[in-house]
Structure formats: C-alpha cells, structure tokens
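Taking it in order: structure first as structure tokens, then the write-up.
The values are calculated or read from the model by the stated rules, or taken from the named source; none is laboratory data. Computed from a predicted model, the values in this text were never measured in an experiment. Backbone-built Cβ (ideal geometry, glycine too); neighbour counts: all protein chains shown.
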Amino acid sequence: MKLTIYQVDAFANKVFEGNPAAICPLQEWLADDVMQNIAAENNLSETAFFVPTDTGYHIRWFTPVNEVDLCGHATLAAAQVIFQHIEKDKSELHFESKSGILLVSKKSEAKNAASNTERLEMDFPSQPPTICVTPQLIVDAFKTTALTCLQSQDYIVVFDSVESLINAKPDLSLLSKLNLRGVIITARDTNAASEFDFVSRVFAPKYGIDEDPVTGSSFTQLIPYWSEKLGKNILSAKQLSRRGGEVACEYKGERVRISGKAVQYLVGEIEI
C-alpha cells in the first residue's frame, strides 16, 4: 500500500519555523496500530489522518506514542493540505473529531512576496481553565512554589515575567508523571515595545513531546484565561519555543478562534 504524506510547518511564515506536522489523507481508516506506527516513524509531535465525510472530513491525531483528543497545529496543517491539493475552491472546512466540530477558514491578506500570505483561522471549542492546587510534581519540576496553577485539558502555570518563563528548565521526568496531558507555562508580556499580549511554552513528555514548538490546542485554554485577565477578546500571542510561532487569538465565549499561517515543507510517499 502506498500513501501520500505531507509535512507542513504550522503557525509559520516560512519553512523551519512553527510546528511541523505530518498529514496523511485517507479514503478510509487504517487500523489504529498502523496509524500509530506511522506517527512513531514520523517522530513529529503530531501526525494527522483524515477521511472524507458527507459534510467535510473526520480527523484524528497521533503523537509518536498516543492518539490525542485535540490538536491545533496539525489541524491547521491538514487544512492547508486540503486547500492547496484537494479542494482548491473551498474557503471553509468542517472537521469532525473527538473534540466535536472544528472549523477552518481562509483569511486573505495583502500580498507580500517575502512571506506566505494566506492566514487560516480555526474555530475550536473553548476550554476555560479553573484554579487548582499546584501539584507537588509541578513544584518539584520547576523548583519553585511561587506559581499560580490552573487546570483544563492541561495544567497551566502562570509565571510572573517573560524572563522567568524563558529561563524555566523543568524536570521532564517529573512532568511525565502528571495525570493530565501536559503543562503549559504562560506569562503576560508587559514589554511596551512588544506586539504580544501573552507568551507561553508547552511540555508534554507523557505523550513523547518534551517541548512542543507551537501548540494550537493550548490556546483553547489560554485564550479564555487571558481574555478575562486582560479584559479584551482579541489578543496576540507567541509561543517561545526554539522554533517559535505567532498566534492570533479571539475569545467568542463557548468558542475560540485561533489563526496563523502554514507552509508546506515536503510531499512524499509512504509504502507499507
């Protein structure tokens, strides 16, 4: 069997930025263990598979070690593949997923030869976090008790400054023992010269991802938190991984809008 595979850098203005995802379009589902083996072989934070439905597509996501319920950057990457290669005339896509209906639409921007110019906007369910007691594993992993902790799909740890967030070096072996998917650390960007409202980093060693470059699904939790804290519904964010990625955010109550650009890196063929 031969399958087409794409690799796309999501939340990126050009290749080698943002978060790379592998995308495998299918006509029907493969066995779960085969999809998991493909994801392990790709060894990227996420590999997305999708099949056509009457209303759009059904999408699933696999890390190198597990299937997950929601992934933002690989959804953005899958939409880029569909818009570029499968349904070029479409302007909006409907995905069915374990987390409900996900929408992705094209948002045109002024042409700029220096960068990829088409922004894609994802409409996802909101996952507001709630305050919780900071787990001892997080205290030990970050070697500090001066932390505000919340939880939703992940634990969210609020740092007091961008600098302390950048300098954080958690013990990943401890974070891998947590009961939730991973840990998001975040801080308000108070630099007057900055264009960003908040910054973040994401660690998910439990799922084989030490630090994720840009995590779309984390913003389903961060957007409602920072929207309430800052008193604004439209925000700009940056994930401060080594590759980095910029994310435009909008809070819509029960839904959030997360947008960025995606750039194709490769097209290949899997033979299994």
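Mind checking which residues of region 200-225 are within 16 Å of V158 (Cα to Cα) and surrounded by fewer than 23 Cβ atoms within 10 Å (Cβ to Cβ)?
Once the filter is applied, which keeps residues that are within 16 Å of V158 (Cα to Cα) and surrounded by fewer than 23 Cβ atoms within 10 Å (Cβ to Cβ), region 200-225 yields P224, Y225.
Out of all the residues in region 28-74, which are farther than 13 Å from S217 by Cβ and touching a Gly at 6+ places or on another chain (Cβ under 7 Å)? Let's see the steps before the verdict.
Step one: of region 28-74, the residues farther than 13 Å from S217 by Cβ are 28-44, 47, 49-58, 60, 62, 64-67.
Passing the criteria: P64, V65.
Considering only region 160-175, state which residues are surrounded by 18 or more Cβ atoms within 10 Å (Cβ to Cβ) and either farther than 19 Å from T145 by Cβ or among the charged types (D, E, K, R) (or both).
The answer is V162, and nothing else.
S105 - would you say it is closer than 26 Å to I185 by Cβ, touching an Asp or Glu at 6+ places or on another chain (Cβ under 7 Å) and modelled with pLDDT of 95 or more? Spell out how you get there, then give the answer.
Numbers: closer than 26 Å to I185 by Cβ: no; touching an Asp or Glu at 6+ places or on another chain (Cβ under 7 Å): yes; modelled with pLDDT of 95 or more: yes.
No, not satisfied.
Quick one: E246 ticks every box in (1) in the same structural domain as L44 (by TED's automatic domain parsing); (2) in contact with a Lys or Arg (Cβ under 6 Å, 6 or more places away or on another chain) except a single one, so which number is it?
That leaves (1) as the condition not met.
Which of the residues belonging to region 181-230 are of a type in the set (D, E, K, R) and part of a loop (DSSP other than H, G, I, E, B)?
Listed by number, the residues that qualify are R181, D189, E195, D197.
Can you work out which of the residues in region 137-152 that are part of a strand (DSSP E or B) and among the hydrophobic types (A, V, I, L, M, F, W, C) is farthest from P170 (Cα to Cα)?
Step one: of region 137-152, the residues part of a strand (DSSP E or B) are 148-151.
Then keep just the ones that are among the hydrophobic types (A, V, I, L, M, F, W, C); that gives 149-150.
On the way: C149: 15, L150: 17 Å.
Restricting to residues being part of a strand (DSSP E or B) and among the hydrophobic types (A, V, I, L, M, F, W, C), the top hit is L150.
To keep it simple, each residue is scored yes or no on (1) under 25 Å from A248 (Cα atoms); (2) modelled with pLDDT under 95; (3) of a type in the set (D, E).
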| position | (1), (2), (3) |
| --- | --- |
| K88 | yes, yes, no |
| S97 | yes, no, no |
| L120 | yes, no, no |
| C132 | no, no, no |
| D154 | yes, no, yes |
| V158 | yes, no, no |
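Test K90 against the criterion of being outside any strand (DSSP E or B) and basic (K, R), and give yes or no.
Considered against the rule, which asks whether it is outside any strand (DSSP E or B) and basic (K, R), K90 comes out as yes.
Per-residue answers, yes or no, for (1) in contact with a strand residue (DSSP E or B) (Cβ under 7 Å, 6 or more places away or on another chain); (2) modelled with pLDDT under 95; (3) outside the structural domain of A48 (by TED's automatic domain parsing):
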| site | (1), (2), (3) |
| --- | --- |
| V214 | yes, yes, yes |
| P224 | yes, no, yes |
| E228 | no, no, yes |
| S236 | yes, no, yes |
| S241 | yes, yes, yes |
| L266 | yes, no, no |
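Please go through region 245-272 and give me each residue that is more than 13 Å from S227 (Cβ to Cβ), out of contact with any Ser or Thr (no Cβ under 9 Å at 6 or more places or on another chain) and of a type in the set (D, E, K, R), ordered by number.
The one that is more than 13 Å from S227 (Cβ to Cβ), out of contact with any Ser or Thr (no Cβ under 9 Å at 6 or more places or on another chain) and of a type in the set (D, E, K, R): E271.
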